[in-house]
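The structure appears below as C-alpha cells.
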Amino acid sequence: MRGSRRKKFQIRRLMKKTPASESPPPPPWIELPTELTLNILNRLGVVELLESAQKVCTTWRSVCKDSSLWRVIDMKFPQHRYDMPYFNMSCDIDMCRDAVDRSRGELIDINIEYFCTDELLEHISERSSHLKRLRLACCDGISSHCFRESVKKFPELEELHLFFMPSILYEDIEAIGISCPNLKSFTFNDRGYKLPLVDVNNNYAFAIAKSMPNLHHLRLFGNRLTDEGMQAILDGCPHLESLDLRQCYKVELGGDLGKRCSDRIKYLKQRYDSTSDYEWDADVYFDENDHANPSNYDDPFGNNYVYSMGPFDDYTDPFNNDDFLFGYEDIFPIGLSDDRNPFGNDYFSDDEDFLFWLYV
C-alpha cells in the first residue's frame with residue numbers, strides 16, 4: 001500500500017515541474033539578425049513574399065516591409081496563367097501596386113509581362129522617379145499616350161526593353177529618347193515577317209537614330225527596317241557595341257554598310273542567325289518560299305488566314321482556291337465601316353491596294 005502511494009506522489013511532483021501550458025520554444029529563424037533575414041528573403045519573388053513569406057510570423061512580416069526588398073520587382077509569369085478560365089488579372093495588378101508602394105521610391109528595376117495597364121504604369125511612374133530599368137512584354141493594356149507620358153517621369157532610365165508592344169508608335173520612341181538621355185540599352189522586339197508583300201518601316205530606326213545617341217546595346221528582333229534605317233542608326237548611335245537584327249529580313253548589310261557594322265559593332269547578330277537562345281517564340285509568320293501551302297500561314301492566335309492584294313472590290317485567293325473568293329458585300333456584314341480597312345485603321349479609297357486578313 002505504502003509503495004503505491006509513494007509512486008503516485010512522485011508522478012504528481014513530476015507533472016508539477018513541467019506544466020502542460022508551457023509554450024514551445026520559438027523557431028530558430030526568429031533570432032537571426034535582420035540583415036541575414038533580409039538576405040534570405042531577398043532571394044524570393046514578389047508573389048512568394050506577399051503570399052507566403054510575410055505570413056510566416058510577425059518578425060518576417062515586419063522585415064517584408066523593408067523597402068530594400070522591393071528595389072527589384074520581377075513579375076514574369078507564363079502565358080498559360082492568363083489563359084486559364086476565370087483567371088482574375090486584377091490580382092497581379094494589385095500585387096504589383098503593393099510591391100511598388102513598399103519600395104518607397106527606391107525601385108530601380110521592374111519587369112512586367114501581359115498584365116500592365118495604363119493605370120498601373122501611371123502608378124509606377126508617380127512613385128519611382130529613380131527607375132533605371134523597365135521591361136514590358138505583351139502588355140496590350142498600355143496606350144501610346146500613357147506610355148509616352150509615363151516614361152518621361154523616369155529621367156534616370158538606362159535600360160528600356162519592349163517586347164510585342166504594337167501600341168507603341170515611332171513618335172513615342174523619339175519622345176522617350178529625348179526624355180531619357182542616359183538610355184544605354186534599348187529593345188524593341190517584334191515578330192519576324194518574311195513575306196515580300198509586307199511593307200518596310202524605317203520610322204522606328206530613324207527615331208532611335210535621332211533621339212538615342214548614347215546607346216550601347218540595341219535589339220530590334222523581327223523589325224521591318226531596311227539598310228537605310230540601319231545606316232541612320234550607325235550615324236546617330238556612335239557608341240553602339242551590340243546589335244541584334246535577327247529576323248529583320250529587309251536588312252541585307254551588304255557592301256560598305258556590312259563592313260561598317262563588322263568594324264564598329266563587337267556583337268552583331270544578323271537576320272538569319274540562330275534563334276535557339278531567344279526567350280520568345282521565334283516562328284516566322286510568312287515564308288516566301290512556301291506559297292504552295294496555305295495551311296502554313298497562321299496568325300499569332302492560331303487561326304488560319306488568307307491574304308489578298310488587289311482592288312477593294314476584288315478579293316481573290318493568292319492560292320487560286322475558289323473557296324476563298326470574296327466580294328465587297330461579303331465582307332461588310334461582319335461590322336466593318338465602308339471607309340476603313342479590316343484592321344480598323346488607315347483609311348483607303350475603293351481603288352487602293354491593301355492587305356486583307358480573313359480568319360477561318
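The values are calculated or read from the model by the stated rules, or taken from the named source; none is laboratory data. Please read these numbers as outputs of a predicted model, since none were measured by experiment. For neighbour counting, all protein chains shown are included, and Cβ atoms are generated from backbone atoms with ideal geometry for every residue, glycine included.
Just a few scattered comments:
- Subset of region 197-213 that is closer than 25 Å to residue 256 by Cβ and surrounded by fewer than 19 Cβ atoms within 10 Å (Cβ to Cβ) - its residue that is modelled with the lowest pLDDT: 200
- Scanning region 132-154 for residues that are aliphatic (A, V, I, L, M), within 18 Å of residue 185 (Cα to Cα) and in contact with a strand residue (DSSP E or B) (Cβ under 7 Å, 6 or more places away or on another chain), we see that the one that is surrounded by the fewest Cβ atoms within 10 Å (Cβ to Cβ) is 137.
- Enumerated helices (runs of 4 or more DSSP H) restricted to region 32-135, each holding at least 1 residues that are among the acidic types (Asp, Glu): 34-41, 46-51, 80-83, 90-103, 118-127
- Residues of region 109-161 satisfying the condition of being closer than 21 Å to residue 219 by Cβ and of a type in the set (Val, Ile, Thr): 110, 112, 142, 151
- Filtering region 51-107 to residues that are among the aliphatic types (A, V, I, L, M) and at pLDDT below 90 leaves 53, 56, 63, 84, 89.
- Region 24-52 residues that are under 13 Å from residue 63 (Cβ atoms), paired with ones that are of a type outside the set (A, V, I, L, M, F, W, C) and modelled with pLDDT under 85 (beta carbon under 6 Å, 6 or more apart): 30/59
- For region 139-153, the criterion of being in the same structural domain as residue 92 (by TED's automatic domain parsing), within 18 Å of the chain's Cα centre (by Cα) and under 25 Å from residue 274 (Cα atoms) is met by no residue.
- Qualifying residue in region 108-115 (condition: crowded, with 16+ Cβ neighbours inside 10 Å, modelled with pLDDT of 95 or more, closer than 20 Å to residue 171 by Cβ and not aromatic (Phe, Trp, Tyr)): no
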